[in-house]
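Student: Mind having a look at this structure? Questions to follow.
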Amino acid sequence: MAREREREERDSEFVDKLVHINRVAKVVKGGRRFGFAALVVVGDQKGRVGYGHGKAREVPEAIRKATDAAKRRLTRVPLREGRTLHHDVLGRHGAGKVLLRAAPPGTGIIAGGPMRAVFETLGMQDVVAKSIGSSNPYNMVRATFDALKRQDSPRSVAARRNLKVSTLQARRREGETEAAAD
């Protein structure tokens with residue numbers, strides 16, 4: 001009983017968005033049998049997000065399976081000030097390519113359908129995104145996740161280089177002032 005309530009509380013913290021439903025038909029002796037495939041994005045709007053794919057004979061069951069799959073594959077994405085990316089990044093999956101750019105406060109989410117769902121569930125407020133190539137929602141979502149995986153925070157870069165974050169950011173400011181002086 002307590003375990004079930006705990007799971008409900010954990011599930012309630014997540015926001016899920018249905019990105020795409022695909023109806024597929026299997027031709028059998030008596031006619032066609034229809035099935036449904038659902039693509040769902042789930043996130044806590046605090047920097048964790050995941051996507052899942054589910055297939056079933058009924059739409060609600062396909063959505064439930066996809067949501068469960070998405071909750072099992074959550075990934076954490078480092079956000080600057082909790083609202084945008086740390087740097088511009090490219091992602092790709094198959095023929096789907098996406099370009100994600102950090103944006104100043106007040107920009108909002110400027111992105112197409114499948115990418116917008118990812119950013120909204122992630123809790124990102126300011127981002128400019130462009131999809132290049134495939135408009136297939138599956139490939140766009142996977143390319144967006146590829147780009148988000150390539151996202152690096154100053155903290156992780158500093159840890160990798162055995163530096164302090166303040167040292168790293170001081171060097172960055174020095175480089176910007178030298179570039180402006182030239």
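Student: Check whether at least one residue in segment 43-55 is hydrophobic (A, V, I, L, M, F, W, C) and under 17 Å from the mean Cα position of the chain (by Cα), and report yes or no.
Tutor: Quick first cut of segment 43-55, residues hydrophobic (A, V, I, L, M, F, W, C) only: 49.
Those still in the list that are under 17 Å from the mean Cα position of the chain (by Cα) too: 49.
Yes, that holds for at least one residue.
Student: Then there is this: Failed condition for Ala158, given (1) without any contact (Cβ under 8 Å) to a residue 24 or more places away in the chain; (2) part of a strand (DSSP E or B), with all others met?
Tutor: Result: Ala158 passes all but (2).
Listed here are the residues, each with its yes/no results for (1) open to solvent by less than 10 Å² (accessible area, probe 1.4 Å); (2) more than 17 Å from Val40 (Cα to Cα); (3) of a type in the set (Lys, Arg).
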{"position": "Gly108", "(1), (2), (3)": "no, yes, no"}
{"position": "Met115", "(1), (2), (3)": "yes, no, no"}
{"position": "Asn136", "(1), (2), (3)": "no, no, no"}
{"position": "Thr144", "(1), (2), (3)": "yes, no, no"}
{"position": "Glu174", "(1), (2), (3)": "no, yes, no"}
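Student: Just give me the residues in segment 18-69 being of a type in the set (Lys, Arg) and either in a loop (DSSP other than H, G, I, E, B) or loosely packed, with under 12 Cβ neighbours inside 10 Å (or both), in sequence order.
Tutor: Arg23, Lys26, Lys29, Arg32, Arg33, Lys46, Arg57
The values are calculated or read from the model by the stated rules, or taken from the named source; none is laboratory data. These numbers were taken from a predicted model, which means no experiment stands behind them. Every residue, glycine among them, receives a Cβ derived from its backbone with ideal geometry; neighbour counts consider all protein chains shown. Heads up: the accessible areas ignore ligands, DNA and RNA and are worked out on the full protein's heavy atoms, side chains in. Shrake-Rupley method; radii C 1.70, N 1.55, O 1.52, S 1.80 Å.
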